[in-house]
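One structure is given here, and the rest of the page talks about it.
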Amino acid sequence: MVELVLMSSLFLLILSILLTLYRVIKGPSMPDRVQALDAIGINLLAGVAIFAVLLRTSAFLEIILLIGILSFIGTVAFARFIERGVVIERKPVD
Amino acid sequence: MNVSLSIEVIAVILIFIGTVFAFLSAIGLIRLPDVYTRSHAASKSATLGVLCVLFGTLLYFWITQGVFSVRLLLGIFFVFLTAPVAAHVICRAAYRSNVELAEESVQDDLKKVMQEE
């Protein structure tokens with residue numbers, strides 16, 4: 001019973017990742033795509049958590065933290081790139 | 001039915017509720033008209049869904065294996081902290097790079113301020 005509920009929630013999660021992928025491909029503007037990629041990262045994090053419960057191992061729990069940090073840094077870098085055209089600003093050298 | 005089994009069932013139900021929230025936020029990401037309204041769906045309900053899933057996972061490992069994972073708690077805290085910041089940064093970049101609002105929008109208070117600058 002527990003496995004059935006976990007499998008069906010994993011199915012719902014994969015379905016929502018596919019729906020979000022539609023927005024990544026079609027999205028009219030660049031911020032749409034970045035937003036959808038951020039949502040995919042968050043869904044992926046939940047998927048790893050469900051896999052850890054399904055396999056009954058606590059070895060995957062670092063990966064959740066790692067995916068969260070990488071997704072956040074990627075989103076902020078993309079947003080800075082869209083807003084200013086560069087990711088890392090340098091001071092002009094005299 | 002003893003206590004640990006019922007708490008395990010509660011944890012699995014929490015995980016299922018979280019994925020339902022994630023699915024609803026994906027539907028919102030498809031259906032809503034522009035990037036500013038879509039950010040509501042992508043930040044609020046997706047964050048609630050992933051927090052439900054991670055809390056259910058924490059509860060499950062705590063009850064069944066006796067492992068209170070501090071890393072998972074740190075992950076919950078980090079997602080709770082960074083998801084609104086990421087949504088705000090994306091919306092700000094979208095407005096500054098002149099992405100149009102949807103045609104149904106009635107009010108744009110930031111336009112006047114941006115013109116004065």
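The values are calculated or read from the model by the stated rules, or taken from the named source; none is laboratory data. Note that the coordinates shown come from a computational prediction; the quantities given were computed from them, not determined experimentally. Counting neighbours? That spans all protein chains shown, and the Cβs are built from the backbone with ideal geometry, glycine included.
Scanning the range A:78-88 for residues that are closer than 24 Å to A:LEU19 by Cα and either more than 7 Å from every other protein chain (Cβ to nearest Cβ) or within 13 Å of the chain's Cα centre (by Cα) (or both) yields one hit, A:PHE78. Among residues of the range B:45-68 that are in contact (Cβ under 8 Å) with a residue 60 or more places away in the chain, those with a Cβ under 7 angstrom from a residue that is surrounded by fewer than 24 Cβ atoms within 10 Å (Cβ to Cβ) and of a type outside the set (Ser, Thr, Tyr), sequence gap 6+ or separate chain, pair up as B:THR64/B:GLU8.
None of B:GLY56, B:GLY75 is out of contact with any Lys or Arg (no Cβ under 9 Å at 6 or more places or on another chain) and at pLDDT below 90 except B:GLY75. Residue check: B:LEU51 meets all listed conditions (1) farther than 21 Å from A:ARG80 by Cα; (2) surrounded by fewer than 23 Cβ atoms within 10 Å (Cβ to Cβ); (3) within 9 Å of chain A (Cβ to nearest Cβ); (4) modelled with pLDDT of 90 or more but one, namely (3). So, in the range B:1-13, of the ones that are more than 10 Å from chain A (Cβ to nearest Cβ) and touching a residue at least 12 places away in the same chain (Cβ under 8 Å), which residue ends up nearest to A:GLN35 (Cα to Cα)? The qualifying residue nearest to A:GLN35 (Cα to Cα) is B:ILE10.
Filter the range A:40-60 down to residues that are over 17 Å from the mean Cα position of the chain (by Cα) and in a helix (DSSP H, G or I) and give me whichever is farthest from B:ILE76 (Cα to Cα). Step by step, filter the range A:40-60, then rank; the result is A:LEU54. When the residues of the range A:35-77 are filtered to those that are surrounded by fewer than 17 Cβ atoms within 10 Å (Cβ to Cβ) and charged (D, E, K, R), which remaining residue is nearest to the other protein chains (Cβ to nearest Cβ)? Filtering the range A:35-77 for residues that are surrounded by fewer than 17 Cβ atoms within 10 Å (Cβ to Cβ) and charged (D, E, K, R), the one nearest to the other protein chains (Cβ to nearest Cβ) comes out as A:GLU62. Scanning the range A:18-36 for residues that are farther than 12 Å from B:ALA41 by Cβ and in contact with a Gly (Cβ under 8 Å, 6 or more places away or on another chain) returns a single hit, A:ARG33. Entry remark, the range A:1-39: residues being part of a helix (DSSP H, G or I), within 19 Å of B:THR37 (Cβ to Cβ) and either without any contact (Cβ under 8 Å) to a residue 40 or more places away in the chain or within 15 Å of the chain's Cα centre (by Cα) (or both) number 16 in total.
Is it true that B:LEU32 is under 23 Å from A:PHE78 (Cα atoms), more than 7 Å from every other protein chain (Cβ to nearest Cβ) and free of Cβ contacts under 8 Å to residues at least 12 places away in the same chain?
yes
So is B:ALA46 surrounded by 15 or more Cβ atoms within 10 Å (Cβ to Cβ) and within 24 Å of B:GLU8 (Cα to Cα) or not? It is true that B:ALA46 is surrounded by 15 or more Cβ atoms within 10 Å (Cβ to Cβ) and within 24 Å of B:GLU8 (Cα to Cα).
Of all the residues in the range A:53-94, those that are of a type in the set (Ser, Thr, Tyr) and more than 25 Å from B:ALA42 (Cβ to Cβ) number 2.
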